[in-house]
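Chemist: Provided herewith is a single structure, encoded as structure tokens, for subsequent inquiry.
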Amino acid sequence: MSPAGRRKFVKPLRPSKRANSKSPAFDVKLFLDSTGLGRTVGKFRGKETIFAQGDPAKNVMYIQEGGVKLSVVNEVGKEAVVTILGAGDFFGEGCLAGQSVCMATATAIAPTTVLVIEKNEMIRVLHGEHEFSDRFIAYMLSRNLRVEEDLVDQLFNSSEKRLARTLLLLARYGAPGQPQKVLLKVSQEMLAEMIGTTRPRVNFFMNKFRKLGFIEYNGEIHVNNSLLSVVLHE
């Protein structure tokens, strides 16, 4: 038989392992709420260091409960607060981008529980589980936009507006679900470091916001949505 007359054998497509597998679909929430291979849970007291600037960068962390302050210190010992993170936030992701040491110090600002994910396990899940990688990428894109907005805020807005915006962000204003409204234990010194001003200025504006009914301040800070008017006011 001539080559033209030969029948071509088409190898049937094999179903994927996931299709043949009887294991349940990947559950992102369960993964982030539980321990397992390459995942452990760490519990930290308020003001306890989770990792320090200069430590080996080898884990990605996810905050299950509590809050974390990221800060950096320069050569002369001056500290600057980079950001405050809360439940549902990731940090330590620099190890995925090739960082060999931690660029900031992570400190618990309240009793805090974090899921510690080893770098190799994080890479495996990002490559193998699309639902998880979609969530992580969306989070990192949102975080990058926040950094850009913070820079614009620092360059062009008054300290009063910067403080109002920071309080709203810490209260999770605009995030999915209801705003947190009651802030974690954030001191006036910490707020001053975050917005680049002095503690007396922060104290002045906090008292002003309280008198106007934008916040309630009795040990804990309760943020009302009306504080948004300070940010929107030209």
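Chemist: Ranked from the most accessible area to the least, with a 1.4 Å probe and all protein chains present, what is the order of Val147, Val76?
Modeler: Solvent-accessible surface, decreasing: Val76, Val147.
Chemist: Extension gain Asp27-Lys119, at 0.36 nm per residue separation less the Cα-Cα distance, in nm? Intermediate values should be presented prior to the final figure.
Modeler: Details: separation 92, 0.36 × 92 = 33.12 nm, distance 1.95 nm.
Residue separation times 0.36 nm, minus the Cα-Cα distance, leaves 31.2 nm.
Chemist: In vacuo Debye scattering of the stretch 86-166, one point per C-alpha: log10 I(q)/I(0) at q = 0.11, 0.17, 0.24 Å⁻¹?
Modeler: Debye intensities relative to I(0), on a log10 scale: -0.42, -0.91, -1.29.
Chemist: Another one. Can you tell me the dipole magnitude for the stretch 85-234 around its Cα centre, using point charges on the Cβ only (Lys, Arg +1; Asp, Glu -1), in Debye to the nearest 20? Mind dumping the intermediate values first?
Modeler: Working: 16 positive and 17 negative charges, 124 e Å.
Dipole about the Cα centre, nearest 20: 600 debye.
Chemist: P(r) for the stretch 25-123, please, calculated from all Cα pair distances in 10 Å bins and given in %.
Modeler: Histogramming the stretch 25-123 at 10 Å steps yields 16, 48, 29, 5, 1, 0 percent.
Chemist: Here is a follow-up. If packing is taken as the average count of other Cβ atoms within 10 Å, what order do 57-66, 36-45 fall into, highest mean first?
Modeler: Top of the packing list down: 57-66, 36-45.
Chemist: What ³J(HN,Hα) values, in whole Hz, does the Karplus curve 6.51 cos²θ - 1.76 cosθ + 1.60 give for the stretch 126-142 when θ = phi - 60°, with x put for Gly and Pro?
Modeler: Coupling constants for the stretch 126-142: 4, 6, x, 10, 5, 5, 5, 5, 4, 5, 5, 5, 4, 5, 5, 5, 5 Hz.
Chemist: Moving to a separate point now. How are the alpha carbon pair distances in the stretch 112-153 distributed across 5 Å bins from zero to the largest one, expressed in percent?
Modeler: So the P(r) values, bin by bin, are 5, 20, 17, 20, 18, 12, 6, 1.
Chemist: With all distinct Cα pairs included, what does the Kirkwood hydrodynamic radius of the stretch 94-231 come out to in Å, to one decimal, could you say?
Modeler: Taking every pair of different Cα atoms in the stretch 94-231, averaging 1/r and inverting gives 17.2 Å.
Chemist: I'd like the Karplus ³J(HN,Hα) series for the stretch 152-167: coefficients 6.51, -1.76, 1.60, θ = phi - 60°, whole numbers in Hz, and an x wherever there's a Gly or Pro.
Modeler: Values per residue, Gly and Pro as x: 4, 4, 5, 7, 10, 9, 5, 5, 5, 5, 5, 5, 4, 5, 5, 5 Hz.
Chemist: Where the accessible area of the stretch 108-234 is counted over protein heavy atoms with a 1.4 Å probe, how much of it, in %, is carbon and sulfur?
Modeler: Carbon and sulfur atoms account for 55 percent of the accessible area of the stretch 108-234.
Chemist: Mind checking the per residue accessible area of the stretch 60-148 for me, 1.4 Å probe, whole number of Å²?
Modeler: For the stretch 60-148, the per-residue accessible area is 49 Å².
The values are calculated or read from the model by the stated rules, or taken from the named source; none is laboratory data. In this text the structure is predicted, and so the values were computed from the model without any measurement. Please note: Cβ atoms are built from the backbone with ideal geometry, for glycine as well, and neighbour counts cover all protein chains shown. The protein model used for the area step is the full one, side chains on, heavy atoms only, and it has no ligands, DNA or RNA in it. Shrake-Rupley method; radii C 1.70, N 1.55, O 1.52, S 1.80 Å.
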